[in-house]
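Peer 1: One structure coming up, written as structure tokens, with questions to follow.
The values are calculated or read from the model by the stated rules, or taken from the named source; none is laboratory data. Here the structure is a predicted model, which means the values were calculated and not measured. Neighbour counts run over all protein chains shown; Cβ positions are idealised from the backbone, glycine included.
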There are 2 protein chains.
Amino acid sequence: MVRQERAVHTRRTILSAAAKVFEGRGYQAATISEILTTAGVTKGALYFHFPSKEHLAQGVLHEQDQWLPIPERACKVQELIDTVVLHAYRLQTDSMVRAGVRLSLDQQAHGLDRSGPFARWAEIVRDLLEKARAQGELLPNVVPDETADAMVGAFAGVQAMSQAVCDYQDLLRRISHLLRHILPSVAVPSVLASVDFSESRGETISTELRTLMAEERTAAVG
Amino acid sequence: MVRQERAVHTRRTILSAAAKVFEGRGYQAATISEILTTAGVTKGALYFHFPSKEHLAQGVLHEQDQWLPIPERACKVQELIDTVVLHAYRLQTDSMVRAGVRLSLDQQAHGLDRSGPFARWAEIVRDLLEKARAQGELLPNVVPDETADAMVGAFAGVQAMSQAVCDYQDLLRRISHLLRHILPSVAVPSVLASVDFSESRGETISTELRTLMAEERTAAVG
């Protein structure tokens, strides 16, 4: 590996180890030395990438919104739905995303600023709502900031409830129900009637993204 | 104090201490010995009331739904709103309620069944929805179980977001916005137009309840 690739690989290894330790112990009880042992890298390498426990936690927190962007949709409300549903799907299937979401809800993480992921997600949702508004997809009384905050907050709780009740098994169903309760206050009826926020949407998008990635790889090789 | 009163008082003292320690440390790192020191009771007294750390945590978890019931309202959707809003108000003002809600979202609390509060709250909401339906207050497509789950999950997340962003200062506003996004999918328009879910509702109900309690005390003395 060339030097830069090795650095990316090491950073990744450390973040995975940090995610595992934070998820098992919570922020407060986690120690750098356990993350070091789990990662199997040198102390120097770890401190080079992350000078403190807080830096490690911010790294993990940041991973949860580093998703493959949804391919653009003609209907922006559908693009919003797909963004939300893909996040739920990744939460079920990607331990790094899970660790990030859990950290952002770790109320014992004193001294760790956990507002970042909430703010970033709210911004992502708000931007999509603004685009939807520009296309006439939203009801006139919608305030994108308020709707974004309500959706991001509600999502965080529905995933926590699904985790507490059945370890995420029913997450996609619960998110589908949540959308069914919120979208009628947001989208105009004609949009509402044409979008898909069914339970199976997560699987559909994930397949779409995998196909796209495979095509890109083929194109790069060919 | 007679023996029974003393026991109630001791139990209360222990639960307050447990709430404080769980809130500061999280479930996993909390120890019975720290709870013992904080409570200032004998080991015998503590184990008499709560034989294990899990019993202590369940005691704290249970406190969050032991609220003064809302006085019955003619409109059941209003009774539901008031129940939700009062919970938010108590979350802002009562450290025991706050500790219970935080414990139920403590994803590092391995071995602690945290589904209880979610299930109990969902039941409370569902019962009120059933009553609202019987009075013709709900839209025909509402499934009370699903709406109750969506509302309880969404509430949990909105409070967590408010805590992470500004330590609960904007909680009542956020809950008011959440209700504005969900209720139009639940209540018929004529009900929607007549209910109050404004930001100031929490304060109104709390004043109402304090007045009721004062009247009851006066009646008991007189």
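Peer 1: Being facing chain A (nearest Cβ under 8 Å) and not polar (S, T, N, Q) is the filter here, so list the residues in region B:124-150 that pass it.
Peer 2: Correct list: B:GLU146, B:ASP149, B:ALA150.
Peer 1: With the requirement that a residue be over 18 Å from B:ALA74 (Cα atoms) and touching a residue at least 24 places away in the same chain (Cβ under 8 Å), what does region B:172-199 give you?
Peer 2: Correct list: B:LEU172, B:ARG173, B:ILE175, B:SER176, B:LEU178, B:LEU179, B:ILE182, B:SER185, B:GLU199.
Peer 1: May I ask you to say which residue of B:GLN169, B:GLN163 is in a helix (DSSP H, G or I) and closer than 30 Å to A:LEU112 by Cα?
Peer 2: B:GLN163
Peer 1: State which residue pairs qualify: first residue without any contact (Cβ under 8 Å) to a residue 24 or more places away in the chain and inside region B:153-167, second residue of a type in the set (Phe, Trp, Tyr) and in a helix (DSSP H, G or I) in any location, beta carbons under 9 Å apart, and separation of 6 or more residues or different chains.
Peer 2: B:GLY157/A:PHE155; B:MET161/A:PHE118; B:ALA164/A:PHE118; B:VAL165/A:PHE118
Peer 1: Which residue pairs have Cβ atoms closer than 6 Å, lie 6 or more positions apart in sequence or on different chains, and pair a first residue in region B:130-149 that is buried (at least 16 other Cβ atoms within 10 Å of the Cβ) with a second residue that is among the acidic types (Asp, Glu) and not in a loop (DSSP other than H, G, I, E, B)?
Peer 2: B:PRO144/B:GLU130
Peer 1: What about A:ALA160, is it at the interface with chain B (Cβ under 9 Å from one of its Cβ atoms), in contact with a Ser or Thr (Cβ under 7 Å, 6 or more places away or on another chain) and not acidic (Asp, Glu)?
Peer 2: Criteria not met by A:ALA160.
Peer 1: Any residue that is within 30 Å of B:LEU128 (Cβ to Cβ) and among the aliphatic types (A, V, I, L, M) - is there at least one of those in region B:35-45?
Peer 2: No, region B:35-45 contains no residue that is within 30 Å of B:LEU128 (Cβ to Cβ) and among the aliphatic types (A, V, I, L, M).
Peer 1: Now, a different point. Against the conditions (1) under 30 Å from A:LEU192 (Cα atoms); (2) under 19 Å from the mean Cα position of the chain (by Cα), where does A:VAL60 fall short? Just the number, please.
Peer 2: Evaluating A:VAL60 over (1) under 30 Å from A:LEU192 (Cα atoms); (2) under 19 Å from the mean Cα position of the chain (by Cα) leaves (1) as the failure.
Peer 1: Go through region B:197-222 and give me each residue that's among the acidic types (Asp, Glu) and over 20 Å from the mean Cα position of the chain (by Cα).
Peer 2: B:GLU215, B:GLU216
Peer 1: Here is a further query. In region B:66-86, how many are farther than 13 Å from B:LEU209 by Cα, touching a residue at least 12 places away in the same chain (Cβ under 8 Å) and not aliphatic (A, V, I, L, M)?
Peer 2: 4
Peer 1: Here is a further query. Please pick out the residue among B:ARG90, B:ARG98, B:ARG102, B:ARG114 that is at pLDDT 85 or above and either within 14 Å of another protein chain (Cβ to nearest Cβ) or over 10 Å from the mean Cα position of the chain (by Cα) (or both).
Peer 2: B:ARG98
Peer 1: Which numbered condition trips up A:ARG114, out of (1) among the basic types (Lys, Arg); (2) crowded, with 18+ Cβ neighbours inside 10 Å; (3) within 24 Å of B:ASN141 (Cβ to Cβ)?
Peer 2: Result: A:ARG114 passes all but (3).
Peer 1: Also, quick follow-up: What number of residues within region B:183-203 are farther than 26 Å from A:GLN107 by Cα and either at pLDDT below 90 or aliphatic (A, V, I, L, M) (or both)?
Peer 2: Number satisfying all stated conditions: 8.
Peer 1: Next question. Kindly indicate which of B:ALA57, B:ALA29, B:ALA45, B:ALA18 is buried (at least 17 other Cβ atoms within 10 Å of the Cβ), within 14 Å of chain A (Cβ to nearest Cβ) and among the aliphatic types (A, V, I, L, M).
Peer 2: Selected residue: B:ALA57, the only one of B:ALA57, B:ALA29, B:ALA45, B:ALA18 that is buried (at least 17 other Cβ atoms within 10 Å of the Cβ), within 14 Å of chain A (Cβ to nearest Cβ) and among the aliphatic types (A, V, I, L, M).
Peer 1: I would also like to ask the following. Any idea which of (1) outside any loop (DSSP other than H, G, I, E, B); (2) surrounded by 15 or more Cβ atoms within 10 Å (Cβ to Cβ) is the one B:VAL195 doesn't satisfy?
Peer 2: Tallying (1) outside any loop (DSSP other than H, G, I, E, B); (2) surrounded by 15 or more Cβ atoms within 10 Å (Cβ to Cβ), B:VAL195 fails exactly one: (1).
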